[in-house]
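Everything below concerns the one structure shown next.
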Amino acid sequence: MPPLELAGLTIFILLLFTGIYAAIIGLPGTVLILGDAFFYALATGFDKIGLKAIALLAMMALAAEAVGATMEMTSKLRLTPSWKGFVASLAGGITGALCLTPLLLGLGTLLGIFLGGFAGFFLQELFRQSRIKPALRASSGAILTSAAGIFTKGSLALTMTVVTLNYIYS
């Protein structure tokens, strides 16, 4: 494999991981994954990732963003990324990847980034809520509804990444 092709593939895979991570902290990571897959397909002449795969990924991204927005509107709480949340999520993602990679190899890395990052972000938000005056705290239902939306969105981002890599490597 030529060095330029290897560098492009590395950037492509790093953007997929970034998309999973972005979905966890409340950013549109599924759109990043879709755009990444589209540009990879465009660069390879739609050889490995075809239009059907792009359409499938677009439907998944639309569903993920719709679920995320609906959950945020329902709970009236937006878990916004803060510096502490970012650091907690990053630490959780790295820890999760280190723990699950030896057990499940590549899938363990993806699952570890997702589950560890989600756990770190969620625990930091719970800690932040516990320090706020009781009258200003969000209800546990609102926190759980927002967390469910983020978890669903992150799960779809993880699934999109697995589908994309499956098309490339099969």
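Can you list the helices (runs of 4 or more DSSP H) found entirely within the range 1-75 that contain at least 3 residues being surrounded by 14 or more Cβ atoms within 10 Å (Cβ to Cβ), in contact (Cβ under 8 Å) with a residue 60 or more places away in the chain and over 15 Å from the mean Cα position of the chain (by Cα)?
It comes to 51-75.
Of (1) over 22 Å from Ile11 (Cα atoms); (2) at pLDDT 95 or above, Gly149 satisfies all except one. Which?
(2)
So, of the residues in the range 128-146 that are assigned to a loop (DSSP other than H, G, I, E, B) and loosely packed, with under 14 Cβ neighbours inside 10 Å, which turns out to be modelled with the lowest pLDDT?
If we take residues in the range 128-146 being assigned to a loop (DSSP other than H, G, I, E, B) and loosely packed, with under 14 Cβ neighbours inside 10 Å, then Ser139 is modelled with the lowest pLDDT.
The values are calculated or read from the model by the stated rules, or taken from the named source; none is laboratory data. It should be emphasised that the depicted structure is a prediction, and the values quoted were computed from it without experimental measurement. Backbone-built Cβ (ideal geometry, glycine too); neighbour counts: all protein chains shown.
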